[in-house]
Structure formats: C-alpha cells, structure tokens
1. Restricting the range B:36-58 to residues that are over 18 Å from the mean Cα position of the chain (by Cα) and within 12 Å of another protein chain (Cβ to nearest Cβ), which is nearest to residue A:141 (Cα to Cα)?
2. Working only within the range A:174-189, note down all residues that are surrounded by 15 or more Cβ atoms within 10 Å (Cβ to Cβ) and more than 13 Å from DNA strand C (Cβ to nearest atom).
3. Given (1) surrounded by fewer than 17 Cβ atoms within 10 Å (Cβ to Cβ); (2) within 30 Å of residue A:52 (Cα to Cα); (3) within 16 Å of DNA strand D (Cβ to nearest atom), where does residue A:141 come up short, assuming only one miss?
4. With B:145, B:171 as the choices, which residue is out of contact with any helix residue (DSSP H, G or I) (no Cβ under 7 Å at 6 or more places or on another chain), more than 16 Å from DNA strand C (Cβ to nearest atom) and under 13 Å from residue B:221 (Cβ atoms)?
5. If you go through the range B:195-213, how many residues are assigned to a helix (DSSP H, G or I), more than 8 Å from DNA strand D (Cβ to nearest atom) and without any contact (Cβ under 8 Å) to a residue 24 or more places away in the chain?
6. Does residue B:201 satisfy the condition of being of a type outside the set (Lys, Arg), under 22 Å from residue B:153 (Cβ atoms) and within 12 Å of DNA strand C (Cβ to nearest atom)?
7. Kindly provide the set of residues from the range B:204-225 that are closer than 26 Å to residue B:5 by Cα and more than 12 Å from DNA strand C (Cβ to nearest atom), ordered by number.
8. Just to be sure I understand, how many residues within the range A:171-194 are part of a loop (DSSP other than H, G, I, E, B) and within 15 Å of DNA strand D (Cβ to nearest atom)?
2 protein chains.
Amino acid sequence: MDDNSKKILIADDEPDILEILSYNLNKEGYETMTAKDGDEALHKTKLFRPDLIMLDVMMPHKNGMEVCKVLRAQPSYQGTLIVFLTALSDETSHIKGLEYGADDFISKPVSPKILISKVNALFRRVQKPDDKVLQAGNIIIDSVKFVVMVEGREIILAKKEFELLHLLATKPGRVFLRNEILSQIWGTEVIVGDRTIDVHIRKIRQKLGIDCITTVKGVGYKLVV
Amino acid sequence: MDDNSKKILIADDEPDILEILSYNLNKEGYETMTAKDGDEALHKTKLFRPDLIMLDVMMPHKNGMEVCKVLRAQPSYQGTLIVFLTALSDETSHIKGLEYGADDFISKPVSPKILISKVNALFRRVQKPDDKVLQAGNIIIDSVKFVVMVEGREIILAKKEFELLHLLATKPGRVFLRNEILSQIWGTEVIVGDRTIDVHIRKIRQKLGIDCITTVKGVGYKLVV
DNA sequence: TTTTGCGTAAACATATTGTTAAGATGGACG
DNA sequence: CGTCCATCTTAACAATATGTTTACGCAAAA
C-alpha cells in the first residue's frame with residue numbers, strides 16, 4: 001500500500017472517460033493503461049497483468065460482461081479485481097455483473113472522489129489475510145475447529161464440503177463460476193466430472209438443513225445471506 | 001515465533017485505522033477481526049470471544065465507553081482485556097475510561113511500536129503462571145508430575161503419548177494438522193511414517209478410556225471438550 | 001420439441017485412518 | 001556383559017469415511 005505500484009487497466013470506448021480515469025488514478029500513484037474495446041482489454045490483460053480491471057459494460061468487440069466471464073474462468077485471473085463502469089440508472093447490469101464475479105461498480109458520470117475511494121477500498125480489502133473464522137448470516141465457519149455452526153447447532157462437514165462452503169463464504173452473495181470453484185478447490189491438474197460439484201453442494205445443503213446456497217443456472221453457485 | 005493466536009477485536013469507524021492496526025497485529029501473530037461501530041463490536045464480541053478488544057472512543061451506534069460498560073457488566077467478559085483508542089490530547093477520556101474498567105489506552109495517531117509493546121505487555125500481565133498444568137474438560141494434564149487425571153483416575157502415559165496429548169490440550173477444540181503434530185513433536189529433521197501418529201493416538205484413547213480425541217479425516221486430530 | 005443444465009440417489013473407487021503384531025532401540029539392573 | 005522391559009516405529013491388512021462417477025429425472029430455455 002505504501003508502494004502504490006498497482007497496475008490498473010481501463011477499458012472503455014469513449015476516449016474522454018479513459019482520460020479522466022487515468023488522470024485521477026495516476027495522480028493517486030497508480031499505474032494505468034487503457035483499452036478501447038473488449039478484445040484489446042483481454043489482450044492487454046495477458047500482457048501486463050493488471051491488479052485491477054475497469055470494464056465498460058457497453059463496448060465493441062466483446063462487452064464488459066463477456067470479458068469478465070472469460071477472465072474469471074481462468075485460474076490465473078481469479079485474484080484480479082474487476083470493476084464495471086455502468087450508466088447510473090442501469091440496475092440490471094449490477095445484478096448480472098455480480099453473477100459474473102465483479103467486485104464493484106462505478107457509475108458514470110464518474111466522480112473522482114468516489115473513484116479513488118472505491119479503488120483504494122478494493123485494494124485494502126484484497127490484501128487482508130484470510131480470516132480463520134468466517135461469518136455469513138447465521139452461519140459461522142470455523143477453520144480452526146473445523147466445524148460449522150448453524151443456529152446453535154454444530155455441524156461436521158467432510159473436507160471437500162468444508163472447503164467448498166468456505167470458498168463461497170469468503171464473498172457472500174457473490175457468484176462463483178463452476179470453473180472458479182474447480183480451480184480453487186481441486187486445482188488445475190485434477191479433472192473431475194461436472195456432477196461432482198453438484199453432489200458436494202447437495203451434501204452441504206442437506207447437512208446444514210437450511211437453504212443458503214443458491215444455484216445460478218448456467219453460471220455457478222452463491223451463498224445467500 | 002511464539003504462536004500466540006490470541007484474538008483481538010478492533011472497533012473503529014475509520015477504515016484506515018482498522019487496516020493499520022490489524023496489519024501490525026497480524027504481523028505479530030495475533031488473529032484480528034474488525035467492527036465499524038459499537039453495535040457491531042458487541043455482536044462480534046459475543047460471536048468470536050476475543051481476548052482483547054480495542055475500542056475507539058468516538059464511534060457511531062454506541063461509543064467506546066458504552067460498549068465497555070455493557071461488557072463489563074457481564075461476568076463472562078470480565079476477563080477480557082479492553083483498550084481505548086483516544087485522541088492524543090483527550091485527557092478526560094482516560095479518567096472516564098478507567099472508571100469503566102479499561103485496561104489501557106492507545107492514542108492516535110498510532111505508533112506501531114507502542115501498539116505492539118502495549119498489547120504484548122497486557123497479555124503478559126494476564127498470563128497464568130501455571131501453564132504447567134493444563135485442563136480440558138475433565139482431563140487434567142500435569143507436566144510436573146507427568147501424569148494425566150481422568151475422572152479421578154491417575155493415568156501414566158509414555159513420553160510421546162504425553163507430548164501428543166499435551167499438544168492437543170494446549171488448544172482444545174482446535175484441529176492440529178498431521179504436519180503440525182509432526183513438526184511440533186518430532187521436529188523437522190526426523191521423519192517418521194504416517195501410521196506412527198495413529199498408533200500413538202490409539203494408545204492414548206485406549207489408556208484414557210474415554211473418547212476425547214476426534215479424527216478429522218484428511219486434516220488432523222483435535223481434542224473435544 | 002429438442003436441448004441444456006442441474007438435482008438426486010445409488011454404485012463404485014479411492015484415500016485415509018484403525019488395528020494388530022512384530023522388530024528395533026535403548027535404558028535399568030543384576 | 002547380557003537380560004529384561006518399556007517404548008517407539010514400522011509393516012501389513014482391515015475398516016471406514018470420503019470422493020467421484022453413473023444413470024436417470026425434471027425443468028427451463030432455445
């Protein structure tokens with residue numbers, strides 16, 4: 001954080017937006033680069049490995065959602081922060097964006113103050129070490145004791161089940177793509193069938209007794225609070 | 001170094017303060033969690049049972065003094081350490097804080113050095129002199145006499161068995177990974193087979209006669225209370 | 001309608017641990 | 001110095017929990 005050599009890629013088809021954003025981020029000490037469409041964004045992401053990517057929702061050659069989906073499906077970019085640039089009114093984009101694994105939204109027209117505070121907050125959040133005790137709603141996940149507490153009951157999960165629930169609980173409400181889950185829990189070398197995740201999800205639902213994991217068809221799973 | 005794993009709750013409405021404090025405390029080996037106002041502090045205190053609570057005097061939804069007063073009124077939190085975060089000049093807070101049962105004060109802006117030394121000092125002060133005798137549930141482990149008491153019976157364990165049980169009893173409920181157990185009891189140079197741990201666990205279970213050690217498959221063992 | 005994606009249960013495969021007994025080691029002691 | 005004895009470790013096998021696949025059903029989307 002003191003060495004603000006964080007790299008930020010900004011993708012938007014309007015040159016004015018690119019300029020305003022990079023001007024303000026540069027002033028704050030961030031290193032920026034720009035792309036004018038989705039394909040260029042993907043290409044430059046591979047090249048420069050930015051720490052944060054700001055994607056305009058509406059862009060030529062792959063819109064923001066598509067770029068996000070492509071990136072999130074690859075293990076190497078799952079730690080990368082992704083922020084969407086949306087029109088102020090656009091509510092549906094927020095919902096869809098979360099499903100695809102966005103970390104935040106910035107609405108246009110952009111206020112420099114909000115921009116900076118959001119970006120700073122995101123980086124702050126990321127570098128925090130993983131908590132040993134997670135809480136999401138009335139579920140407490142204790143990695144130290146290796147138990148899950150639900151409504152006072154103490155529930156024992158098998159290892160994979162525990163890991164899966166723990167992953168979802170790191171970002172409650174956010175959807176995790178099936179690819180993301182696979183690479184986080186099984187790693188990239190191991191290859192397991194599609195039904196495997198379902199079965200584990202089912203066991204978790206069964207053992208917890210409450211309906212806390214929601215299926216987002218065609219996308220993945222998320223923990224609801 | 002010394003494996004503290006003491007839990008510290010930090011309550012402040014300024015994110016920057018939370019970040020600075022938890023960063024420094026984490027680096028020192030403490031486990032931290034945060035709250036952004038008084039109500040959240042109380043809630044998380046009940047949930048996570050921290051060993052020390054750092055309260056900003058000025059917070060939304062119950063200020064530090066109020067939180068302190070609530071906690072001190074309950075017997076279960078009288079052993080909990082409470083520290084106030086105050087502005088440097090604020091003399092009256094010190095006096096009032098002492099009346100409410102504060103254990104120390106840390107003035108903002110916070111110096112990491114002072115922070116760490118104060119926190120360490122507080123824990124040193126409350127540390128029990130007799131950790132030669134551990135108790136977990138109805139099991140008493142006496143490192144001086146080298147015996148274990150279970151339900152009045154005096155049981156003699158072999159050296160390795162004793163060390164293993166003692167290790168588990170230092171943190172009842174916590175899961176110890178097999179690797180952890182190996183490095184703690186056998187050290188890093190010695191290499192023993194996987195079954196060795198199992199056999200010792202078995203002997204302990206057999207000798208104690210009660211089922212106090214739980215297997216967490218794929219992870220390790222823990223002592224239940 | 002056809003296709004796609006997910007839920008479910010049972011069968012199957014695997015990994016991890018429990019158990020037992022048999023060497024290996026080293027100290028105590030005559 | 002040799003014997004006894006407790007402890008530690010290992011190997012072999014049994015038992016079980018866990019993980020994965022298969023097969024099939026259902027519902028919603030194309």
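1. B:43
2. Correct list: A:174, A:183, A:184, A:185.
3. (1)
4. After applying the criteria, what remains is B:171.
5. Final tally of qualifying residues: 3.
6. Answer is yes for this residue.
7. Residues satisfying the conditions are B:212, B:223, B:224, B:225.
8. So the count comes out to 8.
The values are calculated or read from the model by the stated rules, or taken from the named source; none is laboratory data. Predicted model only: the values in this text are computed from it and were never measured. Ideal geometry is used to build each Cβ from the backbone, glycine not excepted, and the neighbour counts take in all protein chains shown.
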